[in-house]
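I'd like to ask you about the structure that follows.
The values are calculated or read from the model by the stated rules, or taken from the named source; none is laboratory data. Model, not experiment: these values are computed from the prediction. In this analysis, Cβ positions are derived from the backbone assuming ideal geometry, glycine residues included, and neighbour counts consider all displayed protein chains. These accessible areas exclude ligands, DNA and RNA; they are computed on the full protein's heavy atoms, side chains included. Shrake-Rupley method; radii C 1.70, N 1.55, O 1.52, S 1.80 Å.
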Amino acid sequence: MTIRVLIVDDSALIRSLIGAIVEQQPDMQLVGAAPDAYAARDMVNKYKPDVITLDIEMPKVDGLTFLDKLMKARPTPVLMISTLTEQGADATLRALELGAVDFIAKPKLGISEGIQQYQEVIVEKIRQVAKAKVERANVSTVTTPARLPLLSTEKIIAIGASIGGTEAIKKVLTAMPANSPAVVLTQHMPPGFTTSFAKRLNGCCSLAVKEAEDGERILPGNAYLAPGAMHLRIVKSGADYRIELDSEGIVSGHKPSVDVMFESLVPFAKNVVAAILTGMGKDGAQGLLHIKQNGGFTLAQDEASCVVFGMPKVAIELNAVTQVKDIHDITPTLLGYLTQNNAGSRL
């Protein structure tokens, strides 16, 4: 299948560079390049693209406003073109909330050279986004979860995700009460973006959510997100669980890697509930299998509710999953299991 691509960017240079990259791909067709939202609207209606690359910062109508209207009128897979700044990260996360599938950051300096270096990343992102499932935007409501009965402090919830994961993780965490067991999270995301993501989650969750720090103690009622470009491991220190971070090489195609986090939990697997959510590839599947094999309870998001049914599919095929659930049923299932199996195993 040929992927029909529309580029929307106010920079003529960016339009030219990305357009040339798209046109070089045998499985892609450049159907248009729009300098602003008005031209983009007409091209969307005329060409019905399979993927739109969309800049956030544009004149007349900004990218977020255009995206909001697009997802309500004609849901289309969108790859955001973001800037590597705190403001760019916040805007990108808002774009993902509005329905964008994924994003890629513009290089800060040397745009022409940077885009060429990013060629493989750009085309792979476009191919991934083209496979994504998008739906008409709707307004989600957040309710305050009821408190749990007192659970063992030995319990840990571990969650891994990639494409589509920011919204999936938000749905899982906002359904958790303030006294939930400690949560550790790995979402494929670059540095800076994880900082903004943790802050946004902290603002909408009953749990306290933060970007993880090396050496800190893991406590109930808190969620810890792996920083961009850093692997997160959980280690035992006396009676405590603690965070260990490192910036060593890429594992399972990623840094941070879900597999790294899951594998670190295998020695404590009987106290672990682990979930693998939407995402492309196979990161996390092997680690999830080892958690299950060592007595942990494992979950995967189902195909119907995934933006991209990649990581969960591989985990299911490996027989690494105890139960497969819709994204809205992940939290009730994992908390139900923890409530029924409350006693922690001292390790």
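Select from segment 206-223 the residues that are in a strand (DSSP E or B) and of a type outside the set (S, T, N, Q) and write down the one among them that is farthest from the chain's Cα centre (by Cα).
Ranking the qualifying residues of segment 206-223, first place goes to Arg217.
Related question: Of (1) more than 27 Å from Gly295 (Cβ to Cβ); (2) among the hydrophobic types (A, V, I, L, M, F, W, C); (3) out of contact with any Phe, Trp or Tyr (no Cβ under 8 Å at 6 or more places or on another chain); (4) buried (at least 16 other Cβ atoms within 10 Å of the Cβ), Met189 satisfies all except one. Which?
It is condition (3) that Met189 fails.
With the condition kept exactly as written, say whether any residue in segment 304-322 is modelled with pLDDT of 95 or more, open to solvent by 10 Å² or more (accessible area, probe 1.4 Å), in contact with a Phe, Trp or Tyr (Cβ under 6 Å, 6 or more places away or on another chain) and hydroxyl-bearing (Ser, Thr, Tyr).
Yes.
Here is a further query. I'm told Ala239 meets every condition in (1) hydrophobic (A, V, I, L, M, F, W, C); (2) open to solvent by less than 10 Å² (accessible area, probe 1.4 Å); (3) more than 21 Å from Ala132 (Cα to Cα) except one. Can you identify the failing condition by its number?
(2)
Another question about this same structure. Has segment 243-250 got at least one residue that is more than 17 Å from the chain's Cα centre (by Cα) and assigned to a helix (DSSP H, G or I)?
no
Just checking, how many residues over segment 255-280 are within 17 Å of the chain's Cα centre (by Cα) and at pLDDT 95 or above?
Within segment 255-280, residues that are within 17 Å of the chain's Cα centre (by Cα) and at pLDDT 95 or above number 14.
Still on this structure: For the subset of segment 34-55 comprising residues that are touching a Ser or Thr at 6+ places or on another chain (Cβ under 8 Å) and either assigned to a strand (DSSP E or B) or among the hydrophobic types (A, V, I, L, M, F, W, C) (or both), which member is nearest to Ile7 (Cα to Cα)?
Among residues in segment 34-55 that are touching a Ser or Thr at 6+ places or on another chain (Cβ under 8 Å) and either assigned to a strand (DSSP E or B) or among the hydrophobic types (A, V, I, L, M, F, W, C) (or both), the one nearest to Ile7 (Cα to Cα) is Ile52.
Go through segment 78-89 and report how many residues are assigned to a helix (DSSP H, G or I) and within 20 Å of Lys125 (Cα to Cα).
From segment 78-89, those assigned to a helix (DSSP H, G or I) are 86-89; that's our starting set.
Still in the running and within 20 Å of Lys125 (Cα to Cα): 88-89.
Looking only at that region, the number is 2.
Another question, then. Of the residues Pro75, Pro59, only one is outside any strand (DSSP E or B) and open to solvent by less than 50 Å² (accessible area, probe 1.4 Å); which?
The unique qualifying residue is Pro75.
Among the residues in segment 224-235, are any under 21 Å from Pro177 (Cβ atoms), open to solvent by less than 40 Å² (accessible area, probe 1.4 Å) and in a strand (DSSP E or B)?
Yes, some residue in segment 224-235 is under 21 Å from Pro177 (Cβ atoms), open to solvent by less than 40 Å² (accessible area, probe 1.4 Å) and in a strand (DSSP E or B).
Next question. Of all residues in segment 60-94, count the ones that are small (Gly, Ala, Ser) and within 19 Å of Gly228 (Cα to Cα).
Within segment 60-94, residues that are small (Gly, Ala, Ser) and within 19 Å of Gly228 (Cα to Cα) number 4.
Filter segment 17-33 down to the residues that are assigned to a helix (DSSP H, G or I) and either within 16 Å of Ala130 (Cβ to Cβ) or without any contact (Cβ under 8 Å) to a residue 12 or more places away in the chain (or both) and list them by number.
Residues of segment 17-33 assigned to a helix (DSSP H, G or I): 17-23.
Matches in segment 17-33: Ile18, Ala20, Ile21, Val22, Glu23.
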